[in-house]
Amino acid sequence: MALGDKLSDLKSRLAFLLGALVVFRIGSHVPVPGVDYDSLRSVFAEGSSGILDYLNLFSGGALSRASVMALGIFPYITASIIMMLASYSIPWLEELRKEGEQGRRRINQYTRLFTVPLALFQSYGFAVGLEGLEVVETPGAAFRLTAMIGMLGGSMFLMWIGEQITERGIGNGISLLIFASIVSGLPVAVGQLFEQVRLGTYGPFTVIGTLLFVAGILAVVVFVERGQRRVLINYAKRQVGNRMVGGQASYLPLKVNMGGVMPAIFAYAIITFPTTILAFSSAGGSEWLRDLSAYLQRGTPLYFLMLAATIFFFAFFFVSLVYNARENADMLRKSGAFIPGIRPGEQTLSHLEKIVSRLTLIGAVYITVICLVPEVLFSQLSIAAIFGGTSVLIMVVVSIDFMEQIQHYLLTHQYGNLLKNAPGANKK
(Lines give C-alpha, C1' and ligand atoms only; values in the text may rest on other atoms or scores of the structure.)
Protein backbone atom coordinates (compact mmCIF):
# COMPACT_ATOMS: atom_id res chain seq x y z
CA MET A 1 0.00 0.00 0.00
CA ALA A 2 1.43 3.42 -0.94
CA LEU A 3 2.21 6.07 1.65
CA GLY A 4 -0.65 8.21 0.33
CA ASP A 5 -3.06 5.34 0.94
CA LYS A 6 -1.71 4.95 4.47
CA LEU A 7 -2.24 8.64 5.17
CA SER A 8 -5.74 8.31 3.76
CA ASP A 9 -6.36 5.42 6.17
CA LEU A 10 -5.09 7.53 9.08
CA LYS A 11 -7.39 10.39 8.05
CA SER A 12 -10.37 8.02 7.90
CA ARG A 13 -9.51 6.71 11.38
CA LEU A 14 -9.27 10.23 12.77
CA ALA A 15 -12.55 11.16 11.06
CA PHE A 16 -14.22 8.11 12.61
CA LEU A 17 -12.88 9.09 16.05
CA LEU A 18 -14.16 12.65 15.65
CA GLY A 19 -17.57 11.43 14.48
CA ALA A 20 -17.83 8.99 17.40
CA LEU A 21 -17.02 11.75 19.92
CA VAL A 22 -19.62 14.05 18.32
CA VAL A 23 -22.24 11.30 18.62
CA PHE A 24 -21.21 10.79 22.24
CA ARG A 25 -21.60 14.49 23.04
CA ILE A 26 -25.00 14.65 21.31
CA GLY A 27 -26.14 11.56 23.19
CA SER A 28 -25.16 13.10 26.54
CA HIS A 29 -27.93 15.67 25.97
CA VAL A 30 -30.70 13.09 25.36
CA PRO A 31 -32.82 13.31 28.54
CA VAL A 32 -34.58 10.70 30.61
CA PRO A 33 -38.34 11.45 30.35
CA GLY A 34 -40.21 12.80 33.35
CA VAL A 35 -37.49 14.88 35.07
CA ASP A 36 -37.74 18.56 35.99
CA TYR A 37 -34.35 19.64 34.66
CA ASP A 38 -34.41 23.17 36.07
CA SER A 39 -34.84 21.78 39.58
CA LEU A 40 -32.11 19.18 38.97
CA ARG A 41 -29.65 21.84 37.80
CA SER A 42 -30.29 23.89 40.93
CA VAL A 43 -29.65 20.78 43.08
CA PHE A 44 -26.26 20.24 41.43
CA ALA A 45 -25.44 23.94 41.69
CA GLU A 46 -26.12 23.89 45.44
CA GLY A 47 -24.52 20.53 46.14
CA SER A 48 -21.23 20.72 44.25
CA SER A 49 -17.96 19.34 45.64
CA GLY A 50 -19.51 15.98 46.50
CA ILE A 51 -18.92 12.63 44.83
CA LEU A 52 -21.71 13.48 42.38
CA ASP A 53 -19.56 16.36 41.15
CA TYR A 54 -16.92 13.85 40.03
CA LEU A 55 -19.49 11.55 38.47
CA ASN A 56 -20.89 14.52 36.58
CA LEU A 57 -17.37 15.43 35.44
CA PHE A 58 -16.59 11.95 34.10
CA SER A 59 -19.96 11.75 32.32
CA GLY A 60 -19.44 15.08 30.53
CA GLY A 61 -22.27 16.79 32.44
CA ALA A 62 -24.76 14.04 31.52
CA LEU A 63 -25.51 13.34 35.18
CA SER A 64 -26.65 16.90 35.90
CA ARG A 65 -28.86 16.73 32.80
CA ALA A 66 -30.35 13.33 33.80
CA SER A 67 -29.28 12.07 30.39
CA VAL A 68 -29.63 8.48 29.22
CA MET A 69 -25.80 8.50 29.32
CA ALA A 70 -25.71 9.72 32.93
CA LEU A 71 -23.90 6.58 34.13
CA GLY A 72 -21.16 7.12 31.57
CA ILE A 73 -18.81 4.26 30.81
CA PHE A 74 -18.32 3.32 34.48
CA PRO A 75 -20.60 0.23 34.53
CA TYR A 76 -18.46 -1.28 31.77
CA ILE A 77 -15.23 -0.30 33.54
CA THR A 78 -16.49 -1.81 36.80
CA ALA A 79 -17.47 -5.02 34.99
CA SER A 80 -14.03 -5.15 33.33
CA ILE A 81 -12.30 -4.81 36.71
CA ILE A 82 -14.39 -7.56 38.29
CA MET A 83 -13.81 -9.89 35.34
CA MET A 84 -10.05 -9.23 35.38
CA LEU A 85 -9.89 -10.04 39.08
CA ALA A 86 -12.06 -13.12 38.54
CA SER A 87 -9.80 -14.36 35.74
CA TYR A 88 -7.00 -14.70 38.31
CA SER A 89 -9.09 -16.40 40.99
CA ILE A 90 -11.77 -18.54 39.26
CA PRO A 91 -10.21 -21.64 37.63
CA TRP A 92 -12.34 -21.85 34.47
CA LEU A 93 -11.89 -18.14 33.76
CA GLU A 94 -8.16 -18.54 34.36
CA GLU A 95 -8.09 -21.29 31.74
CA LEU A 96 -9.90 -18.98 29.31
CA ARG A 97 -7.35 -16.24 29.96
CA LYS A 98 -4.52 -18.61 29.02
CA GLU A 99 -6.14 -19.57 25.70
CA GLY A 100 -4.89 -16.42 23.99
CA GLU A 101 -6.99 -14.35 21.61
CA GLN A 102 -9.97 -16.70 21.60
CA GLY A 103 -10.10 -16.78 25.39
CA ARG A 104 -9.79 -13.00 25.55
CA ARG A 105 -12.80 -12.64 23.25
CA ARG A 106 -14.85 -14.96 25.44
CA ILE A 107 -13.93 -12.98 28.56
CA ASN A 108 -14.82 -9.72 26.76
CA GLN A 109 -18.20 -11.20 25.89
CA TYR A 110 -18.80 -12.12 29.54
CA THR A 111 -17.76 -8.59 30.51
CA ARG A 112 -20.37 -7.09 28.20
CA LEU A 113 -23.05 -9.36 29.65
CA PHE A 114 -22.01 -8.52 33.22
CA THR A 115 -22.26 -4.81 32.40
CA VAL A 116 -26.05 -5.17 32.02
CA PRO A 117 -26.91 -6.01 35.68
CA LEU A 118 -24.41 -3.45 36.97
CA ALA A 119 -25.93 -0.71 34.80
CA LEU A 120 -29.46 -1.72 35.85
CA PHE A 121 -28.46 -1.63 39.51
CA GLN A 122 -26.87 1.81 39.23
CA SER A 123 -29.71 3.19 37.11
CA TYR A 124 -32.26 2.01 39.68
CA GLY A 125 -30.34 3.86 42.40
CA PHE A 126 -30.20 6.91 40.15
CA ALA A 127 -33.98 6.80 39.53
CA VAL A 128 -34.78 6.38 43.24
CA GLY A 129 -32.41 9.22 44.05
CA LEU A 130 -34.09 11.54 41.56
CA GLU A 131 -37.42 10.81 43.23
CA GLY A 132 -35.85 11.53 46.62
CA LEU A 133 -34.55 14.86 45.34
CA GLU A 134 -38.13 15.68 44.28
CA VAL A 135 -37.19 16.51 40.70
CA VAL A 136 -39.41 13.85 39.08
CA GLU A 137 -42.75 15.00 37.71
CA THR A 138 -44.56 11.65 38.20
CA PRO A 139 -42.69 9.35 40.63
CA GLY A 140 -43.41 5.65 40.63
CA ALA A 141 -42.65 2.32 39.02
CA ALA A 142 -43.26 3.60 35.49
CA PHE A 143 -40.64 6.33 35.84
CA ARG A 144 -38.11 3.95 37.41
CA LEU A 145 -38.56 1.40 34.64
CA THR A 146 -38.25 4.08 31.95
CA ALA A 147 -35.12 5.52 33.55
CA MET A 148 -33.52 2.08 33.96
CA ILE A 149 -34.15 1.09 30.33
CA GLY A 150 -32.97 4.46 29.01
CA MET A 151 -29.74 4.55 31.05
CA LEU A 152 -29.00 0.89 30.37
CA GLY A 153 -29.26 1.64 26.65
CA GLY A 154 -27.02 4.70 27.06
CA SER A 155 -24.32 2.75 28.92
CA MET A 156 -24.35 -0.12 26.43
CA PHE A 157 -24.18 2.34 23.53
CA LEU A 158 -21.15 4.04 25.13
CA MET A 159 -19.52 0.64 25.61
CA TRP A 160 -20.05 -0.10 21.91
CA ILE A 161 -18.70 3.32 20.86
CA GLY A 162 -15.59 2.81 22.99
CA GLU A 163 -14.90 -0.58 21.41
CA GLN A 164 -15.45 0.82 17.91
CA ILE A 165 -13.00 3.69 18.56
CA THR A 166 -10.35 1.20 19.72
CA GLU A 167 -10.89 -1.01 16.67
CA ARG A 168 -11.59 1.50 13.88
CA GLY A 169 -10.15 4.73 15.26
CA ILE A 170 -6.93 5.71 17.02
CA GLY A 171 -6.13 5.08 20.69
CA ASN A 172 -8.02 3.51 23.57
CA GLY A 173 -11.74 4.19 23.14
CA ILE A 174 -12.65 4.12 26.86
CA SER A 175 -9.89 6.57 27.81
CA LEU A 176 -10.78 8.90 24.94
CA LEU A 177 -14.45 8.99 26.00
CA ILE A 178 -13.46 9.98 29.53
CA PHE A 179 -11.01 12.54 28.09
CA ALA A 180 -13.78 14.05 25.95
CA SER A 181 -16.09 14.19 28.97
CA ILE A 182 -13.55 16.14 31.01
CA VAL A 183 -12.53 18.52 28.22
CA SER A 184 -16.18 19.30 27.41
CA GLY A 185 -16.64 20.73 30.90
CA LEU A 186 -13.47 22.82 30.91
CA PRO A 187 -14.88 26.04 29.37
CA VAL A 188 -17.87 26.00 31.73
CA ALA A 189 -15.65 25.40 34.77
CA VAL A 190 -13.31 28.26 33.85
CA GLY A 191 -16.30 30.55 33.29
CA GLN A 192 -17.76 29.60 36.69
CA LEU A 193 -14.43 30.24 38.37
CA PHE A 194 -14.23 33.79 37.03
CA GLU A 195 -17.93 34.31 37.80
CA GLN A 196 -17.14 33.49 41.44
CA VAL A 197 -14.46 36.18 41.36
CA ARG A 198 -16.99 38.67 40.03
CA LEU A 199 -19.43 37.77 42.80
CA GLY A 200 -16.70 38.06 45.42
CA THR A 201 -16.69 34.39 46.46
CA TYR A 202 -13.03 34.04 45.51
CA GLY A 203 -10.36 36.68 45.39
CA PRO A 204 -8.22 37.20 42.27
CA PHE A 205 -5.20 35.75 44.08
CA THR A 206 -7.13 32.53 44.75
CA VAL A 207 -7.87 32.14 41.04
CA ILE A 208 -4.29 32.96 40.03
CA GLY A 209 -2.97 30.52 42.64
CA THR A 210 -5.37 27.82 41.41
CA LEU A 211 -4.31 28.25 37.79
CA LEU A 212 -0.60 28.26 38.73
CA PHE A 213 -1.11 25.15 40.85
CA VAL A 214 -2.86 23.37 37.97
CA ALA A 215 -0.02 24.41 35.64
CA GLY A 216 2.46 22.96 38.15
CA ILE A 217 0.54 19.68 38.22
CA LEU A 218 0.55 19.68 34.43
CA ALA A 219 4.34 20.12 34.34
CA VAL A 220 4.92 17.34 36.90
CA VAL A 221 2.63 14.92 35.04
CA VAL A 222 4.32 15.58 31.69
CA PHE A 223 7.78 15.18 33.28
CA VAL A 224 6.98 11.88 35.01
CA GLU A 225 5.01 10.41 32.11
CA ARG A 226 7.94 10.97 29.75
CA GLY A 227 10.42 9.56 32.30
CA GLN A 228 12.11 6.20 31.72
CA ARG A 229 14.38 3.82 33.59
CA ARG A 230 16.87 2.57 31.00
CA VAL A 231 18.35 -0.84 31.77
CA LEU A 232 21.76 -1.30 30.11
CA ILE A 233 21.95 -4.36 27.85
CA ASN A 234 25.01 -5.84 26.13
CA TYR A 235 24.91 -8.25 23.19
CA ALA A 236 27.42 -11.09 23.24
CA LYS A 237 29.84 -11.37 20.35
CA ARG A 238 29.32 -14.36 18.07
CA GLN A 239 30.82 -15.51 14.79
CA VAL A 240 28.59 -15.61 11.73
CA GLY A 241 30.57 -16.97 8.79
CA ASN A 242 33.87 -15.09 8.65
CA ARG A 243 32.57 -12.10 10.61
CA MET A 244 32.15 -11.35 14.29
CA VAL A 245 28.81 -9.75 15.06
CA GLY A 246 27.33 -8.42 18.30
CA GLY A 247 29.13 -6.70 21.10
CA GLN A 248 26.91 -3.62 20.93
CA ALA A 249 25.30 -1.96 23.94
CA SER A 250 21.64 -1.02 24.06
CA TYR A 251 18.95 -0.11 26.57
CA LEU A 252 15.70 -1.68 27.71
CA PRO A 253 13.37 1.31 28.38
CA LEU A 254 10.90 0.97 31.27
CA LYS A 255 8.44 3.77 31.95
CA VAL A 256 8.38 5.27 35.43
CA ASN A 257 4.58 5.14 35.48
CA MET A 258 3.98 1.84 33.72
CA GLY A 259 0.30 1.74 34.69
CA GLY A 260 -0.52 5.03 32.99
CA VAL A 261 -3.87 6.54 33.89
CA MET A 262 -5.73 3.24 34.28
CA PRO A 263 -5.11 2.79 38.06
CA ALA A 264 -6.78 6.16 38.72
CA ILE A 265 -9.73 5.38 36.42
CA PHE A 266 -10.16 1.93 37.97
CA ALA A 267 -9.96 3.38 41.50
CA TYR A 268 -12.65 5.97 40.81
CA ALA A 269 -14.82 3.35 39.12
CA ILE A 270 -14.69 1.10 42.19
CA ILE A 271 -15.27 3.95 44.67
CA THR A 272 -18.06 5.63 42.74
CA PHE A 273 -20.07 2.41 42.33
CA PRO A 274 -21.20 2.15 46.00
CA THR A 275 -21.05 5.88 46.70
CA THR A 276 -23.35 6.65 43.75
CA ILE A 277 -26.00 4.33 45.14
CA LEU A 278 -25.58 5.77 48.63
CA ALA A 279 -25.55 9.39 47.47
CA PHE A 280 -28.84 9.00 45.64
CA SER A 281 -30.52 6.51 47.97
CA SER A 282 -29.78 8.68 51.01
CA ALA A 283 -31.90 11.49 49.53
CA GLY A 284 -35.18 11.07 51.34
CA GLY A 285 -33.96 7.74 52.74
CA SER A 286 -33.23 6.47 56.24
CA GLU A 287 -30.89 8.27 58.63
CA TRP A 288 -28.19 5.58 58.60
CA LEU A 289 -27.96 5.82 54.80
CA ARG A 290 -27.49 9.57 55.02
CA ASP A 291 -24.78 9.14 57.67
CA LEU A 292 -22.93 6.51 55.60
CA SER A 293 -23.20 8.67 52.49
CA ALA A 294 -21.79 11.64 54.43
CA TYR A 295 -18.77 9.58 55.54
CA LEU A 296 -17.99 8.64 51.91
CA GLN A 297 -18.42 12.09 50.39
CA ARG A 298 -15.56 13.73 48.53
CA GLY A 299 -13.30 15.47 51.03
CA THR A 300 -13.81 13.07 53.96
CA PRO A 301 -10.86 11.13 55.46
CA LEU A 302 -12.50 7.77 54.67
CA TYR A 303 -12.94 8.79 51.02
CA PHE A 304 -9.27 9.76 50.70
CA LEU A 305 -8.14 6.56 52.45
CA MET A 306 -10.24 4.37 50.14
CA LEU A 307 -9.03 6.27 47.07
CA ALA A 308 -5.34 5.92 48.04
CA ALA A 309 -5.72 2.20 48.82
CA THR A 310 -7.49 1.41 45.54
CA ILE A 311 -4.98 3.42 43.48
CA PHE A 312 -2.10 1.49 45.04
CA PHE A 313 -3.82 -1.85 44.47
CA PHE A 314 -4.67 -1.17 40.82
CA ALA A 315 -1.22 0.30 40.11
CA PHE A 316 0.41 -3.03 40.99
CA PHE A 317 -2.41 -5.12 39.51
CA PHE A 318 -2.44 -3.32 36.16
CA VAL A 319 1.36 -3.46 35.77
CA SER A 320 1.21 -7.22 36.42
CA LEU A 321 -1.21 -7.44 33.48
CA VAL A 322 0.70 -5.32 30.96
CA TYR A 323 4.31 -6.31 31.76
CA ASN A 324 5.69 -9.84 31.74
CA ALA A 325 9.20 -9.90 33.21
CA ARG A 326 9.73 -13.60 32.39
CA GLU A 327 8.89 -12.99 28.74
CA ASN A 328 11.43 -10.15 28.57
CA ALA A 329 14.11 -12.24 30.32
CA ASP A 330 13.56 -15.12 27.86
CA MET A 331 13.67 -12.70 24.91
CA LEU A 332 17.03 -11.29 26.08
CA ARG A 333 18.46 -14.79 26.56
CA LYS A 334 17.35 -16.00 23.12
CA SER A 335 18.79 -12.92 21.40
CA GLY A 336 22.15 -13.31 23.10
CA ALA A 337 21.70 -10.19 25.24
CA PHE A 338 22.48 -9.84 28.94
CA ILE A 339 22.47 -7.21 31.67
CA PRO A 340 26.06 -6.47 32.82
CA GLY A 341 26.79 -8.25 36.11
CA ILE A 342 23.58 -10.33 35.92
CA ARG A 343 23.50 -13.91 34.66
CA PRO A 344 20.89 -14.78 32.01
CA GLY A 345 17.84 -16.74 33.07
CA GLU A 346 16.45 -16.62 36.62
CA GLN A 347 18.86 -13.91 37.82
CA THR A 348 17.82 -11.63 34.95
CA LEU A 349 14.16 -12.37 35.73
CA SER A 350 14.67 -11.53 39.42
CA HIS A 351 16.56 -8.34 38.52
CA LEU A 352 13.84 -7.14 36.13
CA GLU A 353 11.08 -7.95 38.65
CA LYS A 354 12.92 -5.93 41.30
CA ILE A 355 13.25 -2.92 38.96
CA VAL A 356 9.60 -3.12 37.89
CA SER A 357 8.43 -3.41 41.52
CA ARG A 358 10.36 -0.27 42.47
CA LEU A 359 9.08 1.62 39.44
CA THR A 360 5.51 0.51 40.21
CA LEU A 361 5.86 1.74 43.79
CA ILE A 362 7.13 5.11 42.54
CA GLY A 363 4.30 5.26 40.00
CA ALA A 364 1.68 4.39 42.64
CA VAL A 365 2.96 7.09 45.00
CA TYR A 366 3.06 9.59 42.13
CA ILE A 367 -0.52 8.88 40.99
CA THR A 368 -1.80 8.95 44.59
CA VAL A 369 -0.16 12.30 45.31
CA ILE A 370 -1.34 13.80 42.00
CA CYS A 371 -4.92 12.64 42.64
CA LEU A 372 -5.19 13.34 46.37
CA VAL A 373 -3.22 16.53 47.12
CA PRO A 374 -5.24 18.78 44.75
CA GLU A 375 -8.45 17.17 46.01
CA VAL A 376 -7.56 17.90 49.63
CA LEU A 377 -6.81 21.53 48.77
CA PHE A 378 -9.69 22.16 46.37
CA SER A 379 -12.31 20.39 48.48
CA GLN A 380 -11.62 22.92 51.23
CA LEU A 381 -12.17 25.77 48.76
CA SER A 382 -15.12 24.07 46.97
CA ILE A 383 -13.33 24.52 43.63
CA ALA A 384 -14.67 22.48 40.70
CA ALA A 385 -13.35 18.92 40.41
CA ILE A 386 -12.19 19.54 36.85
CA PHE A 387 -9.19 21.49 38.22
CA GLY A 388 -8.11 18.49 40.33
CA GLY A 389 -5.06 16.37 39.70
CA THR A 390 -7.08 13.40 38.45
CA SER A 391 -8.56 15.45 35.60
CA VAL A 392 -5.16 16.84 34.63
CA LEU A 393 -3.60 13.37 34.87
CA ILE A 394 -6.22 11.84 32.58
CA MET A 395 -6.06 14.67 30.04
CA VAL A 396 -2.25 14.66 29.84
CA VAL A 397 -1.76 10.87 29.79
CA VAL A 398 -4.48 10.28 27.21
CA SER A 399 -3.11 13.12 25.05
CA ILE A 400 0.43 11.70 25.21
CA ASP A 401 -0.83 8.20 24.43
CA PHE A 402 -2.91 9.52 21.53
CA MET A 403 0.06 11.33 19.98
CA GLU A 404 2.28 8.28 20.44
CA GLN A 405 -0.33 6.13 18.72
CA ILE A 406 -0.35 8.46 15.70
CA GLN A 407 3.46 8.62 15.59
CA HIS A 408 3.70 4.82 15.85
CA TYR A 409 1.13 4.43 13.08
CA LEU A 410 3.05 6.76 10.75
CA LEU A 411 6.47 5.30 11.57
CA THR A 412 5.24 1.75 11.05
CA HIS A 413 3.90 2.52 7.59
CA GLN A 414 6.93 4.62 6.62
CA TYR A 415 9.19 1.76 7.68
CA GLY A 416 7.13 -0.69 5.64
CA ASN A 417 7.34 1.65 2.65
CA LEU A 418 11.15 1.88 3.01
CA LEU A 419 11.47 -1.90 3.10
CA LYS A 420 9.32 -2.21 0.01
CA ASN A 421 11.50 0.32 -1.89
CA ALA A 422 14.82 -1.04 -0.64
CA PRO A 423 17.33 -2.40 -3.20
CA GLY A 424 16.74 -6.07 -3.84
CA ALA A 425 13.18 -5.97 -2.49
CA ASN A 426 10.68 -8.15 -4.27
CA LYS A 427 8.53 -5.64 -6.15
CA LYS A 428 5.39 -6.60 -7.97
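Does TYR124 meet the test of being within 26 Å of ILE178 (Cβ to Cβ) and either in contact with a strand residue (DSSP E or B) (Cβ under 7 Å, 6 or more places away or on another chain) or buried (at least 20 other Cβ atoms within 10 Å of the Cβ) (or both)?
Working: within 26 Å of ILE178 (Cβ to Cβ): yes; either in contact with a strand residue (DSSP E or B) (Cβ under 7 Å, 6 or more places away or on another chain) or buried (at least 20 other Cβ atoms within 10 Å of the Cβ) (or both): no.
Considered against the rule, which asks whether it is within 26 Å of ILE178 (Cβ to Cβ) and either in contact with a strand residue (DSSP E or B) (Cβ under 7 Å, 6 or more places away or on another chain) or buried (at least 20 other Cβ atoms within 10 Å of the Cβ) (or both), TYR124 comes out as no.
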* Which one is farthest from LEU57 (Cα to Cα), of the residues in region 162-173 that are surrounded by fewer than 22 Cβ atoms within 10 Å (Cβ to Cβ) and in contact (Cβ under 8 Å) with a residue 24 or more places away in the chain? -> ARG168
* Can you name the number of the only condition in (1) surrounded by fewer than 22 Cβ atoms within 10 Å (Cβ to Cβ); (2) touching a helix residue (DSSP H, G or I) at 6+ places or on another chain (Cβ under 6 Å) that MET151 fails? -> (1)
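Given the structure, is ARG41 more than 23 Å from PHE314 (Cβ to Cβ), outside any helix (DSSP H, G or I) and in contact with a Ser or Thr (Cβ under 8 Å, 6 or more places away or on another chain)?
On the way: more than 23 Å from PHE314 (Cβ to Cβ): yes; outside any helix (DSSP H, G or I): no; in contact with a Ser or Thr (Cβ under 8 Å, 6 or more places away or on another chain): yes.
So ARG41 fails the test.
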* To do: Would you check if there is a residue in region 110-129 being of a type in the set (Lys, Arg) and touching a residue at least 24 places away in the same chain (Cβ under 8 Å)?
  => yes
* Which members of region 42-56 meet the condition of being farther than 20 Å from GLY150 by Cα and at pLDDT 70 or above? -> SER42, VAL43, PHE44
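Determine if region 320-332 includes at least one residue that is basic (Lys, Arg) and at pLDDT 75 or above. Even if it seems obvious, please write down each step before you answer.
Applying the first criterion (basic (Lys, Arg)) to region 320-332 yields 326.
If we keep only those that are at pLDDT 75 or above too, we end up with 326.
Taking every residue of region 320-332 in turn, at least one turns out to be basic (Lys, Arg) and at pLDDT 75 or above.
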* How about region 8-31: which of its residues are surrounded by 15 or more Cβ atoms within 10 Å (Cβ to Cβ), over 15 Å from ALA62 (Cβ atoms) and of a type outside the set (A, V, I, L, M)? -> ARG13, PHE16
* Asked: Of everything in region 196-250 that's modelled with pLDDT of 85 or more and assigned to a strand (DSSP E or B), which residue is surrounded by the most Cβ atoms within 10 Å (Cβ to Cβ)?
  -> VAL231
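The values are calculated or read from the model by the stated rules, or taken from the named source; none is laboratory data. Computed from a predicted model, the values in this text were never measured in an experiment. FYI the Cβ positions are ideal-geometry reconstructions off the backbone, even for glycines, and counts take in every protein chain you see.
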